[in-house]
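First up is the structure itself, then whatever we jot down about it.
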Amino acid sequence: DLKNWETVFPFFKFITIDGKPNWKGKESIVEELTATIKEGIEVLDQLTEEGIDAKTIADNLQFSINIGTSYFIEIAKLRALHLLWANVLKAYKVDVDTVKIDVAFAPQTQDENPNKNMISATTMAMAAHIGGASRLTVTPSHDNAFGKRIARNVQHLLKMESHFGKVNDPSAGSYYIETLTRKMVEIVWGNL
């Protein structure tokens with residue numbers, strides 16, 4: 001029973017909507033979000049039909065998605081995912097504080113140039129944080145000591161030197177990001 005496991009592992013999310021296969025790049029963000037939200041709705045429908053209440057499902061659900069190198073678009077995508085899922089949950093009469101999103105780098109964003117990968121990793125990590133990721137996996141671009149050190153240091157730079165954790169919503173009020181987010185939400189919501 002999900003409720004019993006929830007008390008044993010209060011910070012563990014038992015249901016993951018895997019949106020990673022839906023990532024095709026910045027040209028297909030709307031399709032990616034639409035497919036991911038539809039998968040979430042299917043899981044929500046299936047589990048509520050099995051007798052699990054929607055609040056318990058929402059509390060134990062997370063989205064797992066890839067992020068690319070299109071900085072502002074990826075920020076808006078994560079923000080749109082938050083808004084879209086909150087709207088879905090409103091339809092189920094569930095009030096949820098936050099949507100859990102696990103973010104990883106799309107494998108296609110890394111190549112053989114370690115210097116380019118360092119910059120890409122930093123901007124993708126920044127976009128994930130600013131967009132509202134709950135968890136971020138910074139993968140090394142190369143499986144060697146240098147690649148692993150850079151992956152670890154990207155997270156340290158954002159937390160300890162840039163103080164990203166001290167600002168609740170760094171993109172709030174940005175006209176460009178707010179407009180991108182709103183447009184994504186409107187198009188995806190119309191496709192559901």
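The values are calculated or read from the model by the stated rules, or taken from the named source; none is laboratory data. These numbers were taken from a predicted model, which means no experiment stands behind them. Virtual Cβ from ideal backbone geometry, glycine too; neighbours counted across all protein chains shown. When the accessible area is computed, the model is the full protein with side chains, heavy atoms only, and any ligands, DNA or RNA have been set aside. Shrake-Rupley method; radii C 1.70, N 1.55, O 1.52, S 1.80 Å.
Of all residues in the range 86-129, those satisfying the criterion of being closer than 24 Å to Phe164 by Cα, open to solvent by less than 20 Å² (accessible area, probe 1.4 Å) and not polar (S, T, N, Q) are Val99, Ile101, Asp102, Val103, Ala104, Phe105, Ala106, Ala121, Met124, Ala125, Ala127, Ala128.
Report the residue count in the range 63-85 for those that are open to solvent by 40 Å² or more (accessible area, probe 1.4 Å) and either touching a His at 6+ places or on another chain (Cβ under 6 Å) or closer than 12 Å to Ala128 by Cα (or both). Qualifying residue count for the region: 4. The residues on offer are Ser134, Ser162, Ser171, Ser120, and the sole one that is without any contact (Cβ under 8 Å) to a residue 40 or more places away in the chain and small (Gly, Ala, Ser) is Ser162. Scanning the range 61-75 for residues that are among the aliphatic types (A, V, I, L, M), free of Cβ contacts under 8 Å to residues at least 60 places away in the same chain and more than 19 Å from Gln46 (Cα to Cα) yields a count of 1. Can you confirm whether Lys38 is at pLDDT 95 or above, under 20 Å from Arg182 (Cα atoms) and open to solvent by 30 Å² or more (accessible area, probe 1.4 Å)? Spelling it out, Lys38 is indeed at pLDDT 95 or above, under 20 Å from Arg182 (Cα atoms) and open to solvent by 30 Å² or more (accessible area, probe 1.4 Å).
Based on this model, can you work out whether Glu49 counts as open to solvent by 80 Å² or more (accessible area, probe 1.4 Å), over 20 Å from Thr139 (Cβ atoms), modelled with pLDDT under 95 and of a type outside the set (Val, Ile, Thr)? In short, yes.
Is there a residue in the range 76-86 that is of a type in the set (Gly, Ala, Ser) and over 17 Å from Ile29 (Cβ atoms)? Within the range 76-86, one or more residues are of a type in the set (Gly, Ala, Ser) and over 17 Å from Ile29 (Cβ atoms). Scanning the range 127-161 for residues that are at pLDDT below 85, of a type outside the set (A, V, I, L, M) and within 21 Å of Ser70 (Cα to Cα) yields Thr139, Pro140, Ser141, Gln155. All told, Pro114 meets the bar of being over 26 Å from Leu83 (Cβ atoms) and at pLDDT below 90. Provide a single number: the residues in the range 12-31 that are at pLDDT 90 or above, part of a helix (DSSP H, G or I) and more than 12 Å from the chain's Cα centre (by Cα). Total satisfying the criteria: 6. From Val103, Val185, grab the single residue that is without any contact (Cβ under 8 Å) to a residue 60 or more places away in the chain, on the phi < 0 side of the Ramachandran plot and β-branched (Val, Ile, Thr). None of the others qualify; the one that does is Val103.
Screening Gly25 with (1) under 17 Å from Gly132 (Cβ atoms); (2) touching a residue at least 60 places away in the same chain (Cβ under 8 Å) gives one miss only, at (1).
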